[in-house]
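> Mind looking over this structure? Questions follow.
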Amino acid sequence: MTKSEFDAAIFLLCQTLKCSVTSGFRTQKHNMYVGGHIKSQHLTGMACDIIPDTWPAITQELLAYFKTNDLRFLIEKTHIHVYVYQSK
C-alpha cells in the first residue's frame with residue numbers, strides 16, 4: 001500500500017464510520033515524547049490514531065473495512081491505532 005492509498009483509506013474510513021484522526025505522521029522527537037515505538041509506522045505516515053464519534057467503535061462494518069484494505073488496528077484506552085499490515 002502506498003502513502004496515498006493509506007491516506008485515502010483513512011479518509012474514507014473516517015467519513016463512513018464517523019471517526020477523527022488524532023495523530024498521523026510524527027517526527028522522531030514527537031514520537032519519542034509520546035512513547036511511540038522506535039520503528040513506529042507513524043514516522044513514515046503509514047499509521048494513525050483515530051477516535052470514533054461513538055464507542056464501541058469495533059463493528060462488523062469496521063472489521064470488514066480493515067480486512068478489505070489490508071489494515072490492522074489496536075484498541076487503546078483513548079483511541080484506535082490503525083496501521084498497514086506488513087508481512088515479515
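> Being farther than 21 Å from Phe66 by Cβ and in contact with a Ser or Thr (Cβ under 8 Å, 6 or more places away or on another chain) is the filter; apply it to region 26-42 and report the residue that is surrounded by the most Cβ atoms within 10 Å (Cβ to Cβ).
By that ranking, first place goes to Arg26.
> A further question on this structure: Can you tell me which condition Lys67 does not meet? The list is (1) under 13 Å from Leu13 (Cβ atoms); (2) loosely packed, with under 13 Cβ neighbours inside 10 Å; (3) within 12 Å of the chain's Cα centre (by Cα), and all the others hold.
(3)
> Answer yes if at least one residue in region 14-31 is within 16 Å of Gln86 (Cβ to Cβ) and not aliphatic (A, V, I, L, M), and no otherwise. First the steps, then the outcome.
In the first step, residues of region 14-31 are kept if they are within 16 Å of Gln86 (Cβ to Cβ); the result is none.
No: zero hits.
> Could you tell me whether any residue of region 16-24 is modelled with pLDDT of 95 or more, more than 16 Å from His79 (Cα to Cα), surrounded by fewer than 17 Cβ atoms within 10 Å (Cβ to Cβ) and of a type in the set (S, T, N, Q)?
no
> Pairs, please: C-beta under 9 Å, at least 6 apart or cross-chain, first residue among the acidic types (Asp, Glu) and in region 36-57, second assigned to a helix (DSSP H, G or I) and modelled with pLDDT under 90?
Listed by first residue and then by second, the contacts come to Asp53/Leu17.
> So Asp53 clears everything in (1) in contact with a Lys or Arg (Cβ under 9 Å, 6 or more places away or on another chain); (2) charged (D, E, K, R); (3) surrounded by 11 or more Cβ atoms within 10 Å (Cβ to Cβ) except one condition, right? Which one?
It fails just one condition, (3).
The values are calculated or read from the model by the stated rules, or taken from the named source; none is laboratory data. In this text, all values refer to a predicted model and were calculated from it rather than measured experimentally. For neighbour counting, all protein chains shown are included, and Cβ atoms are generated from backbone atoms with ideal geometry for every residue, glycine included.
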